[in-house]
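A.B. asks: Structure incoming, see below.
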Amino acid sequence: MSTKRNSAAALASIGILATGWSIGTAHGQTLTKTASGATGSGTTTAPGSSAGTKAGANSGTGAGSSSGTAAGSSSGAAAGTTTAGSATYVGTRQSDRWGSLQVTVTVTNGKITNVTYTSTAGDGKSRSIEARATPTLKSEVVAANSAQVSSVSGATYTSAKYLTSLQSALDQIR
Amino acid sequence: MTTTLTDPIAPGAATRAVGAPSGQRRPRPTAGSLAARYRRQSTRRGLRHTLLTIAAWSIVAGSVALFLADGGMRQFGTLGDAVTSLGIIAGLIATALMCLMLLLTARVPVIDQTLGQDRATSLHATIGRGMVFGLLAHGILLLLGYSFSGKITPITTFAGLWADSTDFRWAVGATALLGVVGISSMVAVRRKYPYEAWFAIHLTTYAAIIASLPHQFSMSGLFAEGKLERTFWIALWLVTAGAMLAFRIILPIISTLTHRLTVTSVVPVGPDAVSIEVRGRKLDTLGATGGQWLNWRFLTPSLVLQPHPFSLSAAPTDTTMRITVRDLGAGTARLQHLKPGTKVAVEGPYGLFSDAARTREHVLLVGAGIGIAPIRALLEATDFAPGNAVVVLRASTPEELYFVDEVRDLCAHRGAALHLLVGPRAWDTWVSTSYAGARLTDFGPWVRDADVFVCGPNPWMDAVLADAEACGIPRSQVHDERFTW
């Protein structure tokens, strides 16, 4: 009886997996088409992010937190936190089809001292590209003290998201 | 070998007093109707078991299917991608197993009435071992996969993720906590700690699970905002959390407030046991039957933090319930000095050591020591035609034959034969030397086609179960419940 039971369950599982696989295959074809059409279009800005930039621009909380941690993943808004001498600014969340990326920049006495980011990219390739490209981007940005740096080759999309989000964070500084 | 059993209380004319008043409220059933009823009950339970099994597998398969539906099959092109994809699948399976584990301990009525709480708990432990390996594989494979793809060392990958993501740091902490819980749950280690310490460690699982939640939604492309997969994942967690909340917290609170149980008497029975009788309102709606157990929490300052699983030692009435507790540890020792009037909170009833487990018209009830208490309650609550039941009680000394007088009366009124196996055990068998050589099948000509209920100390129960297997009694007809957490 228990063998029959498990066979039935295994059969149901195989059915579910097959369904998932066929959806994935069909979905994949449309995705590829979309991707080829979208080549060169770069990043798209997350909906509502421009409003968020204005809303969050001057919201210093004074909580003493200078850690460059971005806020929750649900928000496309930008926000800044100011402490004595040092301030953090959260850039807008930049999305593309691999996920979204949001940068937090720490500025001390007018100099960019640290850049951190959060990313929702879930596939291994995106994560590894990010893991490879972001240290380079960060050191270039700190050295240039600006978002006007060249993108990392082989990480065009990541660089675009990173630098756009960074620029929106820096735009908050008045 | 067939032994002729010489029984001190043979099922003679007196014990077959058909129609004697017994306090039993049901009309006396006929054998034929019972056979059909219990067969139906058994079929329905089998069907429920099949449906639950399919549902459980489907949750796991569904989680992997989400990955496939998202185009996961295309992410096996390079070594890095393949390893990463396997890591994602391991994480999905481990998380689905985690939800199943929680559902198994959520005391969901349909699970309890299909598997029984003890089977559910042992399944929980079995799944837990696989789940911990799945989580480790998830972490290790993803680190390796990202490293291969990015051509950097796993340590650099880890450091990068650690520096970049709070949610990742929480997830690492969650994995470490779950590892601790897993090790502390393993039987060998568990025995060295008191129940309370083990329970406290287990509570940290909830902290670990909560800590692991953010990264599932923020770091996973699969569950990114606006995707259908995210909705499924949220629903899975909401259902799991909802079941835990409803059946482990809200339902017990409602029960406790509705039934307002208070201790009415604490009476010594036998050398080191007491019967605790409680009185309350509307106990018929609690739905407890003889043989089931509840989690009892006596609301005194020293006992309020210790819920104790105790079986009923008599079928409950509309206003009273009785449990019998043997002095087995510090917690149960204190119960012996409970004062009448003490308020009681209960969770339950739980368990399938009851009429609900019956599959056949004949029944053999086998109890030893304090395990006689649930046997006695079950004897009162389960149906059989006169002559179709045998009760076998076992104790080392006559004093440890708890409730022997009550059982003798019930047997006489219901028409069940009673065997008392008193004295030292014969070698490593489950019978006393006075019954040396007797097998389960010697207690009735129909035992192979009967339900056999067994309750007593674990090693003794193992001996009975081994005998049942040797006698060729199908496992589905043998019912035992164990209280080793």
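A.B. asks: Return the distance in nm (one decimal) between the two label points of a simple spin-label model at B:V180 and B:T264, each offset 7 Å from Cα along Cα→Cβ.
C.D. replies: In this crude spin-label approximation the distance works out to 4.7 nm.
A.B. asks: Counting Lys +1, Arg +1, Asp -1, Glu -1, what net charge surrounds A:Q102 among other residues with beta carbon under 9 Å of its beta carbon?
C.D. replies: +2
A.B. asks: If you keep only loop residues by DSSP, which GluC sites (Glu not before Pro) in the stretch B:186-284 have at most 14 other Cβ atoms within 10 Å of their Cβ?
C.D. replies: Working: sites: B:E196, B:E225, B:E229, B:E277; in loops: B:E225.
In loop regions of the stretch B:186-284 (DSSP not H, G, I, E or B), there are no sparsely surrounded GluC sites (Glu not before Pro).
A.B. asks: Where does helix B:195-218 land angle-wise versus the long Cα axis of chain B, in degrees 0 to 90, nearest 10?
C.D. replies: Roughly 30 degrees between the two axes.
A.B. asks: What is the mean projected area of the alpha carbon convex hull for the stretch B:47-154, to one decimal in square nanometres? Write out the running numbers ahead of the final one.
C.D. replies: Working: hull surface 28.9 nm².
The Cα convex hull of the stretch B:47-154, projected and averaged over all directions, gives 7.2 nm².
A.B. asks: Still on this structure: Using only the alpha-carbon atoms, how far is helix B:117-150 inclined from the longest principal axis of chain B? Give it as 0 to 90 degrees, nearest 10.
C.D. replies: For helix B:117-150, the angle is close to 10 degrees.
A.B. asks: Continuing with this model, one more query. Viscosity 1.567 mPa s, temperature 4 °C: what is the translational diffusion coefficient of the stretch B:45-254 from Stokes-Einstein with a Kirkwood Rh over Cα pairs, rounded to a whole number of µm²/s?
C.D. replies: Details: Rh = 18.3 Å.
The estimated diffusion coefficient comes to 71 µm²/s.
A.B. asks: Next question, about the same structure. For the stretch B:354-480, calculate the relative contact order in percent as a whole number, restricting contacts to Cα pairs under 8 Å that are 6 or more residues apart. It would help to have the intermediate numbers written out before the result.
C.D. replies: Numbers: 231 pairs, mean separation 38.2, N = 127.
RCO, the stretch B:354-480: 30 percent.
A.B. asks: Out of the DSSP beta bridges found with both residues in the stretch B:290-438, what percent are antiparallel (nearest 5)? Each step should come with its number before you reach the end.
C.D. replies: Values: 11 of 23 bridges.
Just about 50 percent of them are antiparallel.
A.B. asks: For the stretch B:127-231, run through the trypsin sites (Lys or Arg not before Pro) and keep only the ones in DSSP coil with at most 16 other Cβ atoms within 10 Å of their Cβ. Each step should come with its number before you reach the end.
C.D. replies: On the way: sites: B:R129, B:K151, B:R169, B:R190, B:R191, B:K192, B:K227, B:R230; in loops: B:K151, B:R191, B:K192, B:K227.
The qualifying sites are B:K151, B:R191, B:K192, B:K227.
A.B. asks: Still on this structure: What's the whole-number percent of alpha carbon pairs in the stretch B:340-455 lying beyond 23 angstrom? Before the final figure, lay out the partial values.
C.D. replies: On the way: 2101 of 6670 pairs.
Tail of P(r) above 23 Å: 31 percent of Cα pairs.
A.B. asks: Quick one: if you take sqrt(5λ) for each eigenvalue of the C-alpha gyration tensor of the stretch B:388-462, what semi-axes come out, biggest first, whole angstrom? Working shown, then result.
C.D. replies: On the way: eigenvalues 73, 56, 24 Å².
Values for the stretch B:388-462, descending: 19, 17, 11 Å.
A.B. asks: 222 nm [θ] for chain B, helices only, -39500 (n - 2.57) per DSSP H run of 4+, per residue, to 500?
C.D. replies: On the way: 14 runs with 232 residues, N = 485.
About -16000 deg cm²/dmol.
A.B. asks: For chain B, what's the relative contact order in percent, using C-alpha pairs closer than 8 Å and at least 6 residues apart?
C.D. replies: 17
A.B. asks: Local charge sum around B:T256 (other residues, Cβ-Cβ under 12 Å, Lys/Arg +1, Asp/Glu -1)?
C.D. replies: Working: positive: B:R260, B:R281, B:R297, B:K343; negative: B:E347.
That works out to +3.
A.B. asks: I'm a student and want to see the number: the projected area of the Cα convex hull of the stretch B:140-299, averaged over all directions, in nm².
C.D. replies: Working: hull surface 61.6 nm².
Taking the Cα atoms of the stretch B:140-299, their convex hull projects to 15.4 nm² on average.
A.B. asks: Another one. Between the stretch A:129-164 and the stretch B:311-374, what's the alpha-carbon centroid distance in Å?
C.D. replies: Result: 68 Å between the Cα centres.
A.B. asks: Given labels modelled 7 Å from the Cα in the Cβ direction, how far is it in nm from B:I210 to B:W427?
C.D. replies: 5.7
A.B. asks: Here's another thing I want to ask about it. With bins 5 Å wide starting at 0, give me the P(r) of the stretch B:130-228 over every alpha carbon pair, in whole percents.
C.D. replies: 2, 12, 17, 21, 17, 13, 8, 6, 3, 1
A.B. asks: Round to the nearest 0.05 the FRET efficiency obtained for A:L11 and B:H337 when R0 = 45 Å and r is the Cβ-Cβ distance.
C.D. replies: On the way: r = 57 Å, r/R0 = 1.27.
So, using R0 = 45 Å, E works out to roughly 0.20.
A.B. asks: While we're here: With charges set only on the Cβ (+1 for Lys and Arg, -1 for Asp and Glu), what does the dipole of the stretch B:164-268 come to about its Cα centre, in debye to the nearest 20? Spell out each step's value before the answer.
C.D. replies: On the way: 8 positive and 5 negative charges, 86 e Å.
It comes to approximately 420 debye.
A.B. asks: Based on the Cα coordinates of the stretch B:257-350, what is the per residue volume of their convex hull in Å³? Intermediate results must be reported in sequence, preceding the final value.
C.D. replies: Values: hull volume 8.1 nm³, N = 94.
Per-residue hull volume (Cα only) is 86 Å³.
A.B. asks: Quick one: what are the phi-derived ³J(HN,Hα) couplings along the stretch B:298-304, Karplus 6.51/-1.76/1.60 with θ = phi - 60°, whole Hz, x for glycine and proline?
C.D. replies: 8, 7, 10, x, 7, 10, 4
A.B. asks: Right, something else. For B:R48 and B:T300, FRET efficiency with R0 = 45 Å and r from the beta-carbon atoms, rounded to 0.05? All intermediate terms of the calculation are to be shown ahead of the outcome.
C.D. replies: Details: r = 39 Å, r/R0 = 0.87.
With a Förster radius of 45 Å, E is 0.70.
A.B. asks: Okay, next question. What average count of beta carbons from other chains do you get within 10 Å of the Cβ of residues in A:8-14? Write down the numbers at each step before the final one.
C.D. replies: Numbers: counts 5, 11, 4, 2, 7, 10, 2.
Shielding by partners across A:8-14 averages 6.
A.B. asks: Can you check what the net charge comes to around B:T433, using other residues whose Cβ is under 13 Å from the Cβ of B:T433 (Lys, Arg +1; Asp, Glu -1)? All intermediate terms of the calculation are to be shown ahead of the outcome.
C.D. replies: Working: positive: B:R394, B:R425; negative: B:D428.
Local net charge: +1.
A.B. asks: Multiply the residue gap between B:R129 and B:T397 by 0.36 nm, knock off their C-alpha separation, and tell me the result in nm, one decimal place. Don't skip to the answer; put the middle values down first.
C.D. replies: Values: separation 268, 0.36 × 268 = 96.48 nm, distance 4.14 nm.
Stretched fully, the B:R129-B:T397 segment lengthens by 92.3 nm.
A.B. asks: Amide H to amide H under 5 Å from B:C471: which residues, 5+ apart in sequence or cross-chain, H placed 1.01 Å off N in plane?
C.D. replies: Answer set, sorted by chain and number: none.
A.B. asks: Further, regarding this structure: Please report, in whole Å³, the volume per residue of the convex hull around the C-alpha atoms of chain B. Don't skip to the answer; put the middle values down first.
C.D. replies: On the way: hull volume 83.8 nm³, N = 485.
Measuring per residue, one finds 173 Å³ for the Cα hull of chain B.
A.B. asks: Straight-line reach from B:K151: which aspartates and glutamates have a Cα under 18 Å away, not including same-chain ones fewer than 8 places off?
C.D. replies: Correct list for B:K151: A:D123, A:E130, B:D81.
No value in this document is a laboratory result; all are computed from the given coordinates. The structure presented is a predicted model; accordingly, all values stated were derived computationally and were not measured. All Cβ positions, glycine included, derive from the backbone under ideal geometry; neighbour counts span all protein chains shown.
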